[in-house]
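Below is one structure, written out as structure tokens; comments come after it.
The values are calculated or read from the model by the stated rules, or taken from the named source; none is laboratory data. These numbers come from a predicted model, not from an experiment. Counting neighbours? That spans all protein chains shown, and the Cβs are built from the backbone with ideal geometry, glycine included.
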Amino acid sequence: MAGRGRGRGRGLSFNLENLGIGRGESIAGAKLLPPPTFPPLDFHPQPLIPGDEYVVQLKQDFRTAMQESAFFVRPSAKRRDIERYSDKYQIGQTEDLDWDPDWSRLPSELNPKRRRKVRAVVAPKIQMKPAKKIDVKEISAKIKVSSMEASRDAKEDEENEEEEEEKEEEAAPEEEVYEEEELEDDTDYNQTYFDNGENYGADEDDDLEEGPVY
Amino acid sequence: MSLEQIKLCSFILREHFGEVAEKIVNYLLRKGSTSLKPLTTECGFTLDKVKRCLAALIQHGIVTFSQHKAGFVEYFASVDNVLSYLFFPQYINCAKTLFGDESELIIEELLHQGQLTMSGTINRVTQRLAQAESSQDVYGVRDKFVDLIKTQFVKQCPLLTPDSKARSPAFAEDTENPEQAFTVPQVDLAGLVKRKRKISDDENEDHARKKRKLENSAAEKCGDEGIYWTINHARFQQYLRDQAIVTAVSRKVDVRAGEIIACFLRISEMKTASESISTNAITYNEIFQSLPKEMGITRQILDQYLRIIVEDASDFLQKTGDSGGGMFAINFQRAFKHLCQAHVQSVIGEKYGSKCLRVYRLLAMKGHLEQKQIEEMAMIPAKEAKEMLYSLFDEQLVTIKEVPKTPDHAPSRTFYLFGIQLNQVARMLLQKTTKAMLNVCLRRAHETQQHRRLLEKQQRMEAIIASMENLEEEQKTEIEEMVTPAEKAQLSKIKKMTHKLEQCESQLCDTMFVMEMYIKYAHMK
């Protein structure tokens, strides 16, 4: 690396001619300012080709037709400080036009007229059994018999209980599944009918518009 | 999907569908897809507005939806469908030139409504015709509609699949049978005819509501409910593509040559798949037989014309064989490459001057050249040629390719070859055109916004004059004097300016079309 220090003061370390800059030509200095926003044009543009007037007319017509159609949704006007008489005559306050699309082709959540599915409220079925008359003799007889049998069936009962437990365990998963379904239903309900409260204020505004109720 | 495109998109939406739609689509484009709830919270409009707007956008094919696995409906937006709004005036014009006024109205109605049933369209068109006091009846309009279906300018929207449980309707995508979209349904128009008579009987204002009810009931009777029709963009684009080639040929050779090419494209339309690079080969005899007799072209003249077009440097028509008196085909890839090249060259010529253009064309002709060679071959003083070349390089119209002699890439032992990558240049130009389009649109909107009060005043005046019939001349001039001469001068100035800007828009649209077509075909193999 002997050549390192010697290059100093001689300008660049490579031959400028390789870059296409000849001897004696000066290199442009660094640009310190951003380019102007509206630089002067070197060449003036040609006039437009006299085109099809009809297409221009169609363009204007199409635009106005779309703006007057029901598809042009205006944002609800911002309420200023106070309500003025002249507000009524301001352009842009016009309500959106009626439009009844084929809702079967659109997602049902977009339909403003869709009613909530009313969930059927089913009264619980409770069958009331007529109260029986109690016969004291019969009961005392039964107790006697059962106390006799109880000592004999103790072992069998234990086995039975075990079996029952097993049966319950088998039944349990079904219940869980059922619960899951219910849960799903619940979240579903949340997704569809979740109200973040945004409309709450808007509704109130609407009421105000119609004036106070006397 | 570039930034300029998205900006242009939001402008178009604001102008055609209002502010709400603009924000919704912007949000959708940014997020890719979302469900309804974030849309309402993010865009800051009421739920009703958002729902309504989404429904309108879906009907116009700008927003699509699908059911997510988790159960909610998600919405998507597409840039291309919005940008096609720039071409709608041309679509309408094209329907008018091809099929006449009734078809123009049909296409216009379909574009206004997004999608419509056949009976609904016919109903609207006949009403508008009745207003214009045209003598066309319901069946005449029906025939025009059928023509449009048969030529595939209008296509059927996919039908609903019977699946009532889902939250979003599903559509049947019939990929096996694409012809399904162009079958004409049986429509019973008796109800429409009857109703029309009824309307002409009562012109009373009070009956307007009744009429609407009747309208609905009539529409139900026609037997085509649920079958919706919409514009076939691909077909219109194809027509515009053919038209671009025809005008190019008629400018380059002459009008009759253009007509021959138009005729050629008409025959090939039926034989060629819509998405292929070139048309199928067509024999000389076929072209001759299908030429309209009025043109009075003999075999000899046709032969000469074809030879001229084939031998022309612009490469529009190729001779592919000698059987059948000669086989000819049009290669769209090559044709649009040429058209694109011509556009780029005219841009360079107008923007950087003819000397730059000479350097550029030299490169386009020779492929790759070294700086020294360019200086010699362009026949411009070396210093000037270098400046031109560097300014082109600065604008990225010209690229450099390094070819090192040794593997160390040392500058002294490397060839620097200048060349043109047309694909990149076309993309850049498309971007610039999009930006120019946006600027022009914004300027126009700004002008009308600034003079809104004046324009509204003029509108009001015109409305007063129109509403009061049998005005005396004196009164009329009195009303007209509401607008002062100074305002009149201002108004005519605004009108002139907006007209110029609109014209500019439609011409920029043409440039965009050529660039898009070139890019599309350049990628096909």
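Please specify each residue of the range B:11-27 satisfying the condition of being facing another protein chain (nearest Cβ under 7 Å), under 20 Å from the mean Cα position of the chain (by Cα) and surrounded by fewer than 19 Cβ atoms within 10 Å (Cβ to Cβ).
Passing the criteria: only B:15.
Between residues in the range B:75-98 that are more than 20 Å from residue B:125 (Cβ to Cβ) and residues that are among the charged types (D, E, K, R) and modelled with pLDDT of 90 or more, which pairs lie under 8 Å by C-beta distance while being six or more apart or on different chains?
Note: pairs meeting the criteria are B:86/B:505.
When residues of the range B:256-268 are filtered for being without any contact (Cβ under 8 Å) to a residue 24 or more places away in the chain and within 19 Å of residue B:334 (Cα to Cα), how many remain?
Here the count works out to 2.
Got a number for residues in the range B:231-266 being part of a helix (DSSP H, G or I), surrounded by 18 or more Cβ atoms within 10 Å (Cβ to Cβ) and over 20 Å from the mean Cα position of the chain (by Cα)?
Of the residues in that region, 8 qualify.
Wholly within the range B:419-525, which helices (runs of 4 or more DSSP H) include no fewer than the required count, namely at least 2 residues that are touching a Gly at 6+ places or on another chain (Cβ under 9 Å)?
Details: elements: B:422-450, B:452-467, B:473-480, B:485-522.
Per the criteria, B:485-522.
If I filter the range B:354-372 down to residues being of a type outside the set (A, V, I, L, M) and surrounded by 15 or more Cβ atoms within 10 Å (Cβ to Cβ), which single residue comes out as farthest from residue B:421 (Cα to Cα)?
Across the range B:354-372, the extreme among qualifying residues is B:355.
Which numbered condition trips up residue B:36, out of (1) touching a Lys or Arg at 6+ places or on another chain (Cβ under 8 Å); (2) more than 21 Å from residue B:442 (Cβ to Cβ); (3) more than 9 Å from chain A (Cβ to nearest Cβ)?
Going through (1) touching a Lys or Arg at 6+ places or on another chain (Cβ under 8 Å); (2) more than 21 Å from residue B:442 (Cβ to Cβ); (3) more than 9 Å from chain A (Cβ to nearest Cβ) one by one, residue B:36 breaks only (3).
Here's the yes/no breakdown for (1) in contact with a strand residue (DSSP E or B) (Cβ under 7 Å, 6 or more places away or on another chain); (2) under 30 Å from residue B:504 (Cα atoms); (3) among the basic types (Lys, Arg):
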{"residue": "B:20", "(1), (2), (3)": "no, yes, no"}
{"residue": "B:40", "(1), (2), (3)": "no, no, no"}
{"residue": "B:49", "(1), (2), (3)": "no, no, yes"}
{"residue": "B:93", "(1), (2), (3)": "no, yes, no"}
{"residue": "B:123", "(1), (2), (3)": "no, no, no"}
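Can you name every residue in the range B:63-78 that is in a loop (DSSP other than H, G, I, E, B) and within 9 Å of chain A (Cβ to nearest Cβ)?
Within the range B:63-78, B:70, B:71, B:72 qualify.
Looking at residue B:434 and the list (1) within 13 Å of another protein chain (Cβ to nearest Cβ); (2) surrounded by 12 or more Cβ atoms within 10 Å (Cβ to Cβ); (3) hydroxyl-bearing (Ser, Thr, Tyr), which single condition is not satisfied?
Against the list (1) within 13 Å of another protein chain (Cβ to nearest Cβ); (2) surrounded by 12 or more Cβ atoms within 10 Å (Cβ to Cβ); (3) hydroxyl-bearing (Ser, Thr, Tyr), residue B:434 comes up short only on (1).
For the condition more than 10 Å from every other protein chain (Cβ to nearest Cβ) and surrounded by 14 or more Cβ atoms within 10 Å (Cβ to Cβ), what is the one hit in B:401, B:351, B:337, B:405? First the steps, then the outcome.
Details: B:401 fails: surrounded by 14 or more Cβ atoms within 10 Å (Cβ to Cβ); B:351 fails: more than 10 Å from every other protein chain (Cβ to nearest Cβ); B:405 fails: surrounded by 14 or more Cβ atoms within 10 Å (Cβ to Cβ).
Of the residues listed, the single one that is more than 10 Å from every other protein chain (Cβ to nearest Cβ) and surrounded by 14 or more Cβ atoms within 10 Å (Cβ to Cβ) is B:337.
Which residue is modelled with the lowest pLDDT, if the candidates are limited to the range A:64-84 and must be part of a loop (DSSP other than H, G, I, E, B) and facing chain B (nearest Cβ under 7 Å)?
Filtering the range A:64-84 for residues that are part of a loop (DSSP other than H, G, I, E, B) and facing chain B (nearest Cβ under 7 Å), the one modelled with the lowest pLDDT comes out as A:76.
Can you go through B:427, B:444 and tell me which one is within 30 Å of residue B:83 (Cβ to Cβ), among the charged types (D, E, K, R) and in contact with a helix residue (DSSP H, G or I) (Cβ under 6 Å, 6 or more places away or on another chain)?
Residue meeting the stated conditions: B:444.
Given the structure, is residue A:87 modelled with pLDDT of 70 or more and more than 8 Å from chain B (Cβ to nearest Cβ)?
no
Does residue A:4 meet the test of being modelled with pLDDT under 65 and loosely packed, with under 10 Cβ neighbours inside 10 Å?
yes
State yes or no: is residue B:286 farther than 26 Å from residue B:92 by Cα, outside any strand (DSSP E or B), out of contact with any Cys (no Cβ under 9 Å at 6 or more places or on another chain) and free of Cβ contacts under 8 Å to residues at least 60 places away in the same chain?
Details: farther than 26 Å from residue B:92 by Cα: yes; outside any strand (DSSP E or B): yes; out of contact with any Cys (no Cβ under 9 Å at 6 or more places or on another chain): yes; free of Cβ contacts under 8 Å to residues at least 60 places away in the same chain: yes.
When the stated conditions are applied, residue B:286 passes them.
Criterion first (facing chain B (nearest Cβ under 7 Å), part of a loop (DSSP other than H, G, I, E, B), modelled with pLDDT of 65 or more and farther than 27 Å from residue B:459 by Cα) does residue A:48 satisfy it? Can you show your working first?
Numbers: facing chain B (nearest Cβ under 7 Å): yes; part of a loop (DSSP other than H, G, I, E, B): yes; modelled with pLDDT of 65 or more: yes; farther than 27 Å from residue B:459 by Cα: yes.
So residue A:48 fits the description; yes.
Can you tell me which residue is surrounded by the fewest Cβ atoms within 10 Å (Cβ to Cβ) among those in the range B:97-126 that are among the aliphatic types (A, V, I, L, M) and closer than 16 Å to residue B:60 by Cβ?
Taking the range B:97-126 as the starting set, the residues that turn out to be among the aliphatic types (A, V, I, L, M) are B:98, B:105-107, B:110-111, B:116, B:118, B:122, B:125.
Next, only the ones that are closer than 16 Å to residue B:60 by Cβ stay: B:107, B:110-111, B:116.
On the way: B:107: 26, B:110: 26, B:111: 20, B:116: 22.
Filtering first and then ranking leaves B:111.
Only one residue in B:37, B:51, B:7 is closer than 28 Å to residue B:170 by Cβ, part of a helix (DSSP H, G or I), in contact with a Leu (Cβ under 8 Å, 6 or more places away or on another chain) and not assigned by TED's automatic domain parsing to the domain that holds residue B:242, so which one is that?
B:51
Does any residue in the range B:41-62 that is closer than 21 Å to residue B:226 by Cβ and at the interface with chain A (Cβ under 7 Å from one of its Cβ atoms) come within less than 7 Å, Cβ to Cβ, of a residue that is in a helix (DSSP H, G or I) and of a type outside the set (A, V, I, L, M) six or more places away or on a different chain, and which pairs are these?
Pairs found: B:56/B:17.
Which of the residues spanning the range B:68-96 are more than 30 Å from residue B:2 (Cα to Cα) and at pLDDT 90 or above?
If the condition is that a residue be more than 30 Å from residue B:2 (Cα to Cα) and at pLDDT 90 or above, then B:95, B:96 are the ones that fit.
Please return the ranges of helices (runs of 4 or more DSSP H) entirely within the range B:79-129 where 3 or more residues are facing chain A (nearest Cβ under 9 Å).
B:88-99, B:101-113
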